[in-house]
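A quick write-up on the structure given underneath.
The values are calculated or read from the model by the stated rules, or taken from the named source; none is laboratory data. What you see is a predicted model; the values in this text were computed from it and never measured. Glycine also receives a Cβ, built like all others from the backbone with ideal geometry; neighbour counts cover every protein chain displayed. Ligands, DNA and RNA are excluded from the accessible area calculation, which covers all protein heavy atoms including side chains. Shrake-Rupley method; radii C 1.70, N 1.55, O 1.52, S 1.80 Å.
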There are 2 protein chains.
Amino acid sequence: MPKIVDHEERREQLAEAAWRVIRRDGVEGVSVRSVADEAGMSLGSLRHYFTTQSELLEFSMRLVSERVNQRIQNIRYSGNPRQDVEAIVGELVPLDEERLAECEVWLAFVGSALAHPKLRELSEEVHDSLYQGFRRIVDPLIQHGLAKPDIDAHLEAMRFHAMVDGLVVHGVIRKQLVTPEEIRRVVNYHLDRILL
Amino acid sequence: MPKIVDHEERREQLAEAAWRVIRRDGVEGVSVRSVADEAGMSLGSLRHYFTTQSELLEFSMRLVSERVNQRIQNIRYSGNPRQDVEAIVGELVPLDEERLAECEVWLAFVGSALAHPKLRELSEEVHDSLYQGFRRIVDPLIQHGLAKPDIDAHLEAMRFHAMVDGLVVHGVIRKQLVTPEEIRRVVNYHLDRILL
């Protein structure tokens, strides 16, 4: 199905062009015209892939979480619980340019979600799926007796999720201080306090 | 100095009108015209207080952290460290409509900070002053022997700050699940784990 693959690839390239517009001009800078310009494509050709700004924004936001999920799916687990949790969390936080781009775009999206019903719905979806992701980290640690005995599955997942999203916000708005090295140290410090 | 007081009061009322516009239409909805409309004031009168959109945004963002700081200054401390930390953190998170409004506006501002140099600078300032605030919570707990012995002042301040800002993001984008009650439970759960 080469044509379908091309179609999807082109949509992802356009979403990446939308990300660049967002990082430079904010979510409000995204229009079918500005993204066509950014991608070096005519407006007519872009309309073959996306007909409205809203469709483009929705796909671009979904692509952020799909990329992150994809990388998490591809992790080759070591069997060492600490290393494996670090590997998962490492896909969510701005440790390199690729992840920083995603984090910046995510923050721009959630910051404008209040005023865009569709982005709001997607922000809720991403929130809920991440909470479930943290449960899938915390629950087995508890079940296998790897967590400190006083760890509560629900509250720990909420706390861990909040801490990680907070590090994302800080890593985006305060890059010079909240560096990849500092983010790693905080995550490790947290793991020291929940793992036996 | 009744005239100066009036002038400041009027600027704060206009900033609050800007907050309402932001909560409804996002940061990009703010213009001298839209805020004059929202405040029921003529454009000419508004220009007496703010001449540009940028000036209005800057003042409106500063007002968020000033209001929070003001409430923290006004806390009557009980002398019970746990209650006092809860009281401070309670001013930062969306526990009621007033704080929710501030949190929504803050998130909208940091979400658009990448594309607005002045808002970016202010986001950095707010970040740094909050980190210092968390140091002023954590340092005395350590100095007075109230914190668990393995607590590190810098890493704990970073972690606590990240967790609280993460709860702010989640309390805004996922109000139905991350309720005031849940936020209080997570903060308490965290305090249980750092206090002796």
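Residues that are among the hydroxyl-bearing types (Ser, Thr, Tyr) and in contact (Cβ under 8 Å) with a residue 40 or more places away in the chain within the range A:124-134 comprise just one, A:SER129. Restricting the range A:166-196 to residues that are under 16 Å from the mean Cα position of the chain (by Cα) and open to solvent by less than 10 Å² (accessible area, probe 1.4 Å) leaves a set whose member that is nearest to the other protein chains (Cβ to nearest Cβ) is A:GLY166. For the range A:119-136, the condition holds for no residue, the condition being that it is within 9 Å of chain B (Cβ to nearest Cβ), modelled with pLDDT of 95 or more and not in a helix (DSSP H, G or I).
Among (1) closer than 25 Å to B:LEU56 by Cα; (2) facing chain A (nearest Cβ under 7 Å), where does B:MET158 come up short? Every listed condition holds for B:MET158 apart from (1). Can we say A:LEU57 is of a type outside the set (Phe, Trp, Tyr) and within 21 Å of A:THR179 (Cβ to Cβ)? Judged against the criteria, A:LEU57 is not a match.
Yes/no per residue for (1) touching a helix residue (DSSP H, G or I) at 6+ places or on another chain (Cβ under 8 Å); (2) over 28 Å from A:LYS148 (Cβ atoms):
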position	(1), (2)
A:HIS48	no, yes
A:GLU55	no, yes
A:PHE59	yes, yes
A:ARG62	yes, yes
A:ARG67	yes, yes
A:ASP84	no, no
A:ILE88	yes, no
A:LEU95	yes, no
A:ALA101	yes, yes
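Residue count for the range A:24-36 under the criterion of being away from chain B (no Cβ under 14 Å) and either farther than 19 Å from A:GLU58 by Cα or of a type in the set (Gly, Ala, Ser) (or both): the result is 1. Looking only at the range A:137-149, count how many residues are assigned to a loop (DSSP other than H, G, I, E, B) and within 16 Å of A:ARG193 (Cα to Cα). Qualifying residue count for the region: 4. For A:HIS48, the criteria (1) open to solvent by 40 Å² or more (accessible area, probe 1.4 Å); (2) part of a helix (DSSP H, G or I) hold in every case but one, which is (2).
B:VAL93 - would you say it is β-branched (Val, Ile, Thr), assigned to a helix (DSSP H, G or I) and either within 14 Å of chain A (Cβ to nearest Cβ) or touching a residue at least 12 places away in the same chain (Cβ under 8 Å) (or both)? Against the criterion (β-branched (Val, Ile, Thr), assigned to a helix (DSSP H, G or I) and either within 14 Å of chain A (Cβ to nearest Cβ) or touching a residue at least 12 places away in the same chain (Cβ under 8 Å) (or both)), B:VAL93 does not qualify. If you filter the range A:150-165 down to residues that are in a loop (DSSP other than H, G, I, E, B) and without any contact (Cβ under 8 Å) to a residue 12 or more places away in the chain, you find that the one that is least open to solvent (accessible area, probe 1.4 Å) is A:ASP152. The listed residues are A:VAL178, A:VAL172, and the only one of them that is assigned to a helix (DSSP H, G or I) and within 24 Å of B:HIS190 (Cβ to Cβ) turns out to be A:VAL172.
Kindly establish whether A:VAL110 is away from every other protein chain (no Cβ under 11 Å), buried (at least 20 other Cβ atoms within 10 Å of the Cβ), without any contact (Cβ under 8 Å) to a residue 60 or more places away in the chain and not aromatic (Phe, Trp, Tyr). Answer is no for this residue. Entry remark, the range B:5-47: residues being on the phi > 0 side of the Ramachandran plot and more than 19 Å from the chain's Cα centre (by Cα) number 1 in total.
A:HIS116 falls short on exactly one of the conditions (1) touching a helix residue (DSSP H, G or I) at 6+ places or on another chain (Cβ under 9 Å); (2) without any contact (Cβ under 8 Å) to a residue 40 or more places away in the chain, and that condition is (2). When the residues of the range A:113-133 are filtered to those that are surrounded by fewer than 20 Cβ atoms within 10 Å (Cβ to Cβ) and among the polar types (S, T, N, Q), which remaining residue is nearest to A:SER54 (Cα to Cα)? Looking at the filtered set, the residue picked out is A:SER129. Checked against (1) within 12 Å of chain B (Cβ to nearest Cβ); (2) touching a residue at least 24 places away in the same chain (Cβ under 8 Å); (3) surrounded by 21 or more Cβ atoms within 10 Å (Cβ to Cβ), A:LEU141 meets all criteria but (1).
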